[in-house]
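Each remark here refers to the structure printed beneath this line.
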Amino acid sequence: MAKRDYYEVLELSRSATAEEIKSSYRRLARKYHPDVAENKSEAEVKFKEINEAYAVLSDDQRRGQYDRFGHEGLNLGSGDAGFGGFGFGGFGDLFQMFDIFSDFGDMRGGARAQASSRPQKGRDLRYDIPVTLEEAFKGVEKEIAITSPVTCYHCKGTRGRDGAKPEQCATCHGTGQVTQVSRSAFGQIMRTFPCNRCSGEGSIVTDPCPECRGMGKVEKERKLEVQIPPGVDTGSRIRIPGEGEAGFMGGVSGDLYVVIHIMEHSDFQRSGDDLYYFKQIALTLAALGGEVAVPTIDGETKLKIPPGTQCDTLFKIKGKGMMSLRGHGRGDLYVKVWVMVPTRLDEKQKSLLQEFQKLSGEEPEPDKSFLGKLKNAFSGAKK
């Protein structure tokens, strides 16, 4: 009986992505698992067919072979196929033969197959977390919830029912690869391929674990406490060893990287360890000088305004910025002042300003009174 097309088995188009292949496999594996299906004999056949299709389409190299040559291309790894499988018979086929060799490479396929049968570290995971500026200044402990593959608690990662270990593959004898020797017009050629029966793992799960369906991993939500140190900034990463995806074939778990994103603040702007704040001050304070209260990230401080301060003057308050992530003290707080010009004056205030104008020796100009000059200066500073 001819084998069905693997894409048809997994109900996919030939342009399906790796994620679509994985999702479809999981859906069909749940549907036709012998432990849950009503017709167990039929389910066993379909379940085996689904697993076979997934083993090929989830492997980029084997999928490439299958897409180009179909099922016959996969038989090249069975150990009993010669050039007859290529239909070798003329110079056109001879050039096609060299194309095939360039696709397969030399012995790299066998090396990959051997690597897949050894314990492998799980993938690292990433978690993005928002943090307020105040939390970044003081440091904070946050609880996060992540869902990721963990080692199946039922089979302990062996993938077999009740913890049964996989059996050695009889085709490759546990090596994960098979060697094909063939003859051509140029002599004897030896090629090594991943074992078609065990997908290059060197072992076969004959009775899959019903909990993880032979994958050795299950999706699980976990809650973790993350300690965020003072001074973090957007892009800072916190590594939590062993909290990534579970390993394969008994390998260690990957790591979890928590990536920080500082939320926008209503008062302060940040640049490294320094903070910037914009303060409005009265015209009289700018002219006469004095002190003004200024908020900081951890309280309040006093800023001395010297007489004659101009609009857009920048003051530095040392050591009132953010904590340094490297533990070298704190940054600075920069305060830019805006001089506010009164827009409504009563008669007495106007009279006093006119008297000030005379005392300062300024001559009034059409449409350019002293107050008008101040307004123009202020509007120019805002642009």
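Tabulated values for the structure
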item	result
Matching strands (runs of 3 or more DSSP E) fully within region 216-280 where at least 1 residues are under 16 Å from I297 (Cβ atoms) and free of Cβ contacts under 8 Å to residues at least 24 places away in the same chain	269-271
Residue, farthest from T284 (Cα to Cα), within region 318-357, restricted to residues that are β-branched (V, I, T) and either open to solvent by less than 90 Å² (accessible area, probe 1.4 Å) or in a helix (DSSP H, G or I) (or both)	V335
Condition met for K40 (open to solvent by less than 60 Å² (accessible area, probe 1.4 Å) and either of a type outside the set (D, E) or on the phi > 0 side of the Ramachandran plot (or both))	no
Tally, over region 161-194, of residues that are at pLDDT 80 or above and either closer than 30 Å to I240 by Cα or not in a strand (DSSP E or B) (or both)	13
Within region 143-160, considering residues that are surrounded by fewer than 16 Cβ atoms within 10 Å (Cβ to Cβ) and among the hydroxyl-bearing types (S, T, Y), the one modelled with the highest pLDDT	T147
Qualifying positions in region 195-216 - among the charged types (D, E, K, R), at pLDDT below 85 and either under 18 Å from G157 (Cα atoms) or in contact with a Leu (Cβ under 8 Å, 6 or more places away or on another chain) (or both)	E201, R213
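Yes/no per residue for (1) under 31 Å from the mean Cα position of the chain (by Cα); (2) assigned to a helix (DSSP H, G or I); (3) of a type in the set (K, R); (4) crowded, with 18+ Cβ neighbours inside 10 Å:
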| position | (1), (2), (3), (4) |
| --- | --- |
| S13 | yes, no, no, no |
| E19 | yes, yes, no, no |
| E44 | no, yes, no, no |
| D67 | yes, yes, no, no |
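The values are calculated or read from the model by the stated rules, or taken from the named source; none is laboratory data. The structure presented is a predicted model; accordingly, all values stated were derived computationally and were not measured. Quick reminder, even Gly has a Cβ in these numbers, built from the backbone with ideal geometry, and neighbours come from all protein chains shown. Accessible surface areas use protein heavy atoms only, side chains included; no ligands, DNA or RNA. Shrake-Rupley method; radii C 1.70, N 1.55, O 1.52, S 1.80 Å.
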